[in-house]
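Accompanying notes for the structure given below.
The values are calculated or read from the model by the stated rules, or taken from the named source; none is laboratory data. Since we're looking at a predicted model, the values are computed, not measured. Because the Cβ atoms are built from the backbone with ideal geometry, glycine has one as well, and the counts that use them run over all protein chains shown.
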Amino acid sequence: MSSATRIAPAPLSTEDAELLLAAARSAADAAGATVSVTVLDAGGHLLAFRRDDRAVLVSGETSTRKAFTALQLNAPTADLVDAVQPGGPFHTLPTALDRPLLFIAGGLPVHRDGRLVGAIGVGGAAPDQDHAFASTAVDTLA
């Protein structure tokens, strides 16, 4: 194998997705928060989803949109909040695309061997909590 040959990282599996989901929910439970968690693969396809029974209904939609946004822009949604404010570089992006983007903390891209393999979104708690729960989950795959 030459040094130019590069092996692609393993895709995000359903087992990985379930691990991410469980870790995020465990972190939320420990904080006394009820949330929804969405895990997407690199193509934006749903791998895992769970809404706590007591979580607000909209949290299912927000967790999915946060995951999709993190995946599409390969960035934590917490880092993008200022970019969509008036005068920001992505100010018109939420309305320019017919996509379910959401620029609220709680979405994180998932990388393996430096490559984007999916994303996780958490919704239902305060944005900084959602971000922390998603971060805890991503750290479990490291």
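Taken over the range 46-92, the residue count meeting the criterion of being over 24 Å from GLU18 (Cβ atoms) and polar (S, T, N, Q) is 2. For ASP16, are the conditions met, namely being more than 13 Å from PHE133 (Cβ to Cβ) and either in contact with a Gly (Cβ under 9 Å, 6 or more places away or on another chain) or in contact (Cβ under 8 Å) with a residue 60 or more places away in the chain (or both)? When the stated conditions are applied, ASP16 passes them. Restricted to the range 100-113, and to residues there that are in contact (Cβ under 8 Å) with a residue 40 or more places away in the chain and out of contact with any strand residue (DSSP E or B) (no Cβ under 7 Å at 6 or more places or on another chain), the residue that is surrounded by the fewest Cβ atoms within 10 Å (Cβ to Cβ) is ASP113.
Within the set LEU46, LEU40, the sole residue that is surrounded by fewer than 14 Cβ atoms within 10 Å (Cβ to Cβ) and at pLDDT 90 or above turns out to be LEU46.
Does THR77 qualify as being surrounded by 14 or more Cβ atoms within 10 Å (Cβ to Cβ), in contact (Cβ under 8 Å) with a residue 12 or more places away in the chain and polar (S, T, N, Q)? Lay out the reasoning, then the answer.
Numbers: surrounded by 14 or more Cβ atoms within 10 Å (Cβ to Cβ): yes; in contact (Cβ under 8 Å) with a residue 12 or more places away in the chain: yes; polar (S, T, N, Q): yes.
So THR77 fits the description; yes.
Based on this model, can you work out whether ALA134 counts as of a type in the set (Gly, Ala, Ser) and in contact with a Leu (Cβ under 8 Å, 6 or more places away or on another chain)? Yes; evaluated as a whole, the condition is true for this residue. Here VAL138 passes the criteria (1) out of contact with any strand residue (DSSP E or B) (no Cβ under 7 Å at 6 or more places or on another chain); (2) surrounded by fewer than 21 Cβ atoms within 10 Å (Cβ to Cβ) except the one numbered (1).
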